[in-house]
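Each remark here refers to the structure printed beneath this line.
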Amino acid sequence: MATRHTPAPRHTRHPVVALLLRLRAWLLWLLVAAVLLQVFFAGRIALMAWVNPDSTAFMRSELWRRMGTPTTAAPAPKSAPRPATRPWAQRWVDADQISVHLKRAVIAAEDDGFASHSGVDWAAMETAWQRNQRRSVQSQTSGRPVKLAGGSTITQQLAKNLLLSGERHLARKAQELLIAFYLEAFLSKERILEIYLNSVEWGDGVFGAEAAARRYFGVSARQLNPAQAARLAVMLPAPKAFEKRPDSPYLNRRTATILARMGSAALP
């Protein structure tokens, strides 16, 4: 008579071990997703060596802002006036169609080491960080908010505008640095400056040098003279604010300063 063998019970993993295995699987998937995201960003940027970007992440976010978002609040009466918005203006022009004065002015105002750095000006970032620390202490002492310094290069600004959201946190800043390195690796300095000047914001719904030149001075980007170029460059940190106060004393003083520096600005 054959003897029946009772199968041995399946080994059951300890709950902690099972949790660690699941955690390891999730971390592996996150790592794969992060690598694929970097490949996507690098591929997009490499393509920009030949293909002009139709829009940027910042442009699209501004378009959504201008369109408005649905709310659950009661709709406004039909007779209520709607806030006036300027028409959207953006037109791509090649680098040789942009005034050399504007190129010099933007470099003098935003990133005087653009032609020589590798995408990130570490000394400027450290200086900005130290300045922000002092301003934070002043803010806590006085109880009033203060404006924080940036320290970002033209390459970093382009990286943020092209592919990233406007949120400010450590992970986004780290991604901005990586994209800046991709830009410098795949594109020439001339191409980076060309894309930047065609996509940067110059007012509410105004993007790029051609639209800005026509909006504020009624000329093409190629026809901008040194004084006009300097004024446009000074607007870049806060274009929506400066377009409302075109004759502010600060704007006039800063324009004169940039105009004096343009001659020494190194073009790539």
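Right, Ser118: part of a loop (DSSP other than H, G, I, E, B), of a type outside the set (A, V, I, L, M) and modelled with pLDDT under 90 or not? Spelling it out, Ser118 is indeed part of a loop (DSSP other than H, G, I, E, B), of a type outside the set (A, V, I, L, M) and modelled with pLDDT under 90.
Quick check, is Arg172 in contact (Cβ under 8 Å) with a residue 24 or more places away in the chain and not in a loop (DSSP other than H, G, I, E, B)?
The answer is no for Arg172.
Tell me, please, whether a residue that is at pLDDT below 75 and touching a strand residue (DSSP E or B) at 6+ places or on another chain (Cβ under 9 Å) can be found in the range 71-81. Scanning the range 71-81, I find no residue that is at pLDDT below 75 and touching a strand residue (DSSP E or B) at 6+ places or on another chain (Cβ under 9 Å), so the answer is no. Only a single criterion out of (1) among the small types (Gly, Ala, Ser); (2) modelled with pLDDT under 95; (3) part of a helix (DSSP H, G or I) is not satisfied by Ala266, namely (3). Tallying residues that are of a type in the set (Asp, Glu) and either surrounded by fewer than 19 Cβ atoms within 10 Å (Cβ to Cβ) or free of Cβ contacts under 8 Å to residues at least 60 places away in the same chain (or both) within the range 205-257 yields 2. Assess whether Lys189 counts as being of a type in the set (Lys, Arg) and out of contact with any helix residue (DSSP H, G or I) (no Cβ under 9 Å at 6 or more places or on another chain). When the stated conditions are applied, Lys189 does not pass them.
The residue list Pro87, Pro53 contains one member that is modelled with pLDDT of 70 or more, outside any helix (DSSP H, G or I) and touching a Ser or Thr at 6+ places or on another chain (Cβ under 8 Å), which is Pro53. What pairs come out if I take residues in the range 43-70 that are of a type in the set (Asp, Glu) and pair them with residues that are surrounded by 10 or more Cβ atoms within 10 Å (Cβ to Cβ) whose C-beta lies under 8 Å away, six or more apart or interchain? Close Cβ pairs satisfying both conditions: Glu62/Glu201; Glu62/Gly205.
Restricting attention to the range 151-204, the residues that are charged (D, E, K, R), farther than 19 Å from Trp50 by Cβ and either modelled with pLDDT of 90 or more or crowded, with 21+ Cβ neighbours inside 10 Å (or both) total 4.
Scanning the range 217-261 for residues that are among the hydroxyl-bearing types (Ser, Thr, Tyr), assigned to a helix (DSSP H, G or I) and modelled with pLDDT under 95 returns a single hit, Tyr250.
The values are calculated or read from the model by the stated rules, or taken from the named source; none is laboratory data. Note that the structure is a prediction, hence the values are computed from the model and not measured. Counting neighbours? That spans all protein chains shown, and the Cβs are built from the backbone with ideal geometry, glycine included.
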